[in-house]
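Each remark here refers to the structure printed beneath this line.
The values are calculated or read from the model by the stated rules, or taken from the named source; none is laboratory data. Everything quoted here is computed from the prediction, not taken from an experiment. Using ideal geometry, Cβ is built from the backbone for each residue, glycine included, and neighbour counts are taken over all protein chains shown. These area figures cover heavy atoms from the full protein model, side chains too; ligands, DNA and RNA do not enter into them. Shrake-Rupley method; radii C 1.70, N 1.55, O 1.52, S 1.80 Å.
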Amino acid sequence: MRGNVVPLDRGGLAEDTALLWRALADPTRRRILDLLRERPLITGEIAAQFPVSRIAVMRHLEVLSEAGLVTSRKRGRERWHYLNAVPLQKLHRRWADPAAAGFASALLRLQDTVETEGKPMEPIRPTVDVALDIEIVGTPATVFTALTKDAGGWWGHPFVTARATSLALDPRLGGLFTERWDNGGQVIASVTGWAQDEHLQLTGPFHLGVAVGVATFDLAGSGTGTVLRFSFRAIGVVDAAVGEAM
């Protein structure tokens, strides 16, 4: 397993999940994940939260990266670190029985309702910044085709409305990504970046409210298939219902 990349495992999770458990076992690393859950951070901002040296924090980040729990994006001189939720979701799929998970979620919502009653609501942040990496067994051409030809197979809540009956992506620069209704439809985004089998960028409202979002998909071949690097950024005021769903 390489840093920032989680290989696809058709049987659940691979036996080498020891990297994940090792990364999660350390309280400092768990705290780093808690910080990144709130928002992406640069290395210096993370290091400032701990009494240990910057080098020690960077080593913790390396362990988290090797386990696929943290991914990063370089912007200018700064390197931004993100929580990569893909391996955590795979752990959930393996260990959580679907029926039990549904009841557990309901009970947790009940807990939130009781324990947060009377507490002031935290304002929804006006900016969304997410980055995720995943490795898929398949060629870049195969992955790109699935990404662009069958948007309804992977795009979903909270970025579609209850009225949607299907989704369509016009695969060209300037093409529209739309959801169709029984009596009409709505534009989700438009194609603002395209490189066949390598890159797709979508820019638009994404049902966020008055915010504008940019979704970027970058594909690269690897030893076992394709590394898909996804980023989503939005600037503006996010609709409260969408923000809560996210």
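Assorted remarks:
- Cβ separations smaller than 9 Å between residues 6+ apart or across chains give the following pairs from region 128-143 residues that are on the phi < 0 side of the Ramachandran plot and touching a residue at least 60 places away in the same chain (Cβ under 8 Å) to residues that are open to solvent by 20 Å² or more (accessible area, probe 1.4 Å) and of a type in the set (Phe, Trp, Tyr): 129/80; 130/230; 131/80; 131/230; 132/230; 133/230; 134/230.
Per-residue answers, yes or no, for (1) polar (S, T, N, Q); (2) farther than 19 Å from residue 231 by Cα:
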site: 135; (1), (2): no, no
site: 138; (1), (2): no, yes
site: 141; (1), (2): no, yes
site: 149; (1), (2): no, yes
site: 154; (1), (2): no, no
site: 161; (1), (2): yes, yes
site: 177; (1), (2): no, no
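- Taking region 159-186 as the range and being closer than 24 Å to residue 220 by Cα and open to solvent by 30 Å² or more (accessible area, probe 1.4 Å) as the test, the residues that pass are 170, 171, 172, 173, 174.
- Flag if residue 29 is under 28 Å from residue 218 (Cβ atoms) and surrounded by fewer than 11 Cβ atoms within 10 Å (Cβ to Cβ): no
- Residue match in region 211-219 (condition: modelled with pLDDT under 95, closer than 30 Å to residue 105 by Cα and not aliphatic (A, V, I, L, M)): yes
- The condition of being in contact (Cβ under 8 Å) with a residue 24 or more places away in the chain, more than 23 Å from residue 40 (Cβ to Cβ), in a strand (DSSP E or B) and touching a strand residue (DSSP E or B) at 6+ places or on another chain (Cβ under 6 Å) holds for only one of 232, 177, that being 177.
- Residue within region 185-192 that is assigned to a loop (DSSP other than H, G, I, E, B) and either under 20 Å from the mean Cα position of the chain (by Cα) or within 19 Å of residue 153 (Cα to Cα) (or both) present: no
- Residue match in region 61-82 (condition: more than 15 Å from residue 134 (Cβ to Cβ), surrounded by fewer than 15 Cβ atoms within 10 Å (Cβ to Cβ) and modelled with pLDDT of 95 or more): yes
- For residue 117: the one exception among (1) at pLDDT 80 or above; (2) exposed (fewer than 10 other Cβ atoms within 10 Å of the Cβ); (3) of a type in the set (Asp, Glu): (1)
- Residue under evaluation residue 61, criteria (1) free of Cβ contacts under 8 Å to residues at least 12 places away in the same chain; (2) outside any strand (DSSP E or B), criterion not met: (1)
- Residue in region 226-241 that is in contact with a Lys or Arg (Cβ under 7 Å, 6 or more places away or on another chain) and within 20 Å of residue 39 (Cβ to Cβ) present: yes
- Evaluation of residue 156 against (1) modelled with pLDDT under 85; (2) small (Gly, Ala, Ser); (3) open to solvent by 40 Å² or more (accessible area, probe 1.4 Å); (4) in a loop (DSSP other than H, G, I, E, B) (one fails), failing number: (3)
- Taken together, 85, 104, 96 contain a single residue that is surrounded by 10 or more Cβ atoms within 10 Å (Cβ to Cβ) and under 13 Å from the mean Cα position of the chain (by Cα), which is 85.
This table checks each residue for (1) of a type outside the set (Lys, Arg); (2) without any contact (Cβ under 8 Å) to a residue 40 or more places away in the chain; (3) touching a Leu at 6+ places or on another chain (Cβ under 9 Å).
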| position | (1), (2), (3) |
| --- | --- |
| 28 | yes, yes, no |
| 33 | yes, no, yes |
| 43 | yes, yes, yes |
| 71 | yes, no, yes |
| 78 | yes, yes, no |
| 81 | yes, no, yes |
| 90 | no, no, yes |
| 100 | yes, yes, no |
| 108 | yes, yes, no |
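- Residue in region 137-153 that is among the aliphatic types (A, V, I, L, M), part of a strand (DSSP E or B) and either open to solvent by less than 40 Å² (accessible area, probe 1.4 Å) or out of contact with any helix residue (DSSP H, G or I) (no Cβ under 6 Å at 6 or more places or on another chain) (or both) present: no
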